[in-house]
1. I'd like the residue in the range 121-172 that is surrounded by 18 or more Cβ atoms within 10 Å (Cβ to Cβ), among the small types (Gly, Ala, Ser) and closer than 27 Å to residue 70 by Cβ and, out of all such residues, is modelled with the lowest pLDDT.
2. Taking the condition modelled with pLDDT of 90 or more and over 21 Å from residue 213 (Cβ atoms), does residue 180 pass?
3. Name the pairs whose Cβ atoms lie under 7 Å apart, with the first residue in the range 133-153 and over 19 Å from residue 231 (Cα atoms), the second among the β-branched types (Val, Ile, Thr) and part of a helix (DSSP H, G or I), and 6 or more positions between them or separate chains?
4. Does residue 103 qualify as being in contact with a Pro (Cβ under 9 Å, 6 or more places away or on another chain) and over 14 Å from residue 194 (Cβ atoms)?
5. Within the bounds of the range 231-251, is there any residue that is touching a Lys or Arg at 6+ places or on another chain (Cβ under 9 Å) and either free of Cβ contacts under 8 Å to residues at least 12 places away in the same chain or not in a helix (DSSP H, G or I) (or both)?
6. Search the range 75-104 for residues that are more than 13 Å from residue 228 (Cβ to Cβ) and pair each with any residue that is of a type in the set (Phe, Trp, Tyr) and outside any loop (DSSP other than H, G, I, E, B) when their beta-carbon atoms are under 6 Å apart and the residues are at least 6 apart or on different chains.
Amino acid sequence: MCVWLPWEYSAVGAALAFPLAAWLRVRGGTLRSVAAVVHESAIVASLYTFWQLAGQLSVVHLEGAIGRGAWLWDVERMLIIPDEATWQQAILPYGWLVQASNIYYGGAHVPAMGIFLVWLFFRHRDRYRPWRNAVAWVTGLCLVIQLLPVAPPRLVDSLGIVDTGELYGQSVYASFGSSVAGQLQAMPSIHVGWAVLIGWAVWVESSSRWRSIGWFHAALTAVVVVVTGNHYWLDGAVAALILVAIRLVQLRRGPRSVEAPQPSRVAARIA
């Protein structure tokens, strides 16, 4: 069910793709177009590798993360934000719906971004770089914040929220033997950040009558991450605000956009 590639595979792919792209570029001719595709694939693979590695980091003990998760829950209640437990209880009687939510949580996140980047690269090449940079920045900034772990609702026993992935044997975290520390990435939600970026970009760059499918994916992702017990509503809201800030900076800079953080620099930040 889980389609998240282990970081070792993406790291090897990036290590091979960068020199291959350089060799193709030197050869010139029609191979330059192939080199561009290979080079972008290497960049995306590098960013994916650092994202996966960052998920294994933890700067405090589990108890601190659980306390912050409970605090975030209290803040939401003060802000009169809908109760995550109530939303989950509404779907728990329907096993097929819970399992479908688990599948979407684990199976749509990475493939959707991959499909989006491929579509944008080949259909809107002139607009590819700004959005790719936005993906890099929103991911990097979320990862920096996540170095201060916040336990997801499913790990805070006092909230009464079920781990639906564990309930039906569909946990994406158990698939690769992730430690508990690797699961303390509730705030902000990269799931929601990526989904909102896809919805925004597809709506802006496409003229198709089907372009609203991007926003449908974003809305569905925002709900799925909550009803599966993996995120609080505020996790998605913060990620979306980070994306908005990044896009505002990009638009102010104009055609140059914002340069994506280099893989080596990202590695230094999370090391």
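The values are calculated or read from the model by the stated rules, or taken from the named source; none is laboratory data. Owing to the predicted nature of the structure, the values given are computational and were not obtained by experimental measurement. Cβ: placed from backbone, ideal geometry, glycine included. Neighbour counts: every protein chain shown.
1. Only one residue tops the list, namely 171.
2. Working: modelled with pLDDT of 90 or more: no; over 21 Å from residue 213 (Cβ atoms): yes.
No.
3. Listed by first residue and then by second, the contacts come to 134/246; 137/246.
4. Working: in contact with a Pro (Cβ under 9 Å, 6 or more places away or on another chain): no; over 14 Å from residue 194 (Cβ atoms): yes.
When the stated conditions are applied, residue 103 does not pass them.
5. No, the range 231-251 has no match at all.
6. From the range 75-104, the pairs are 81/233.
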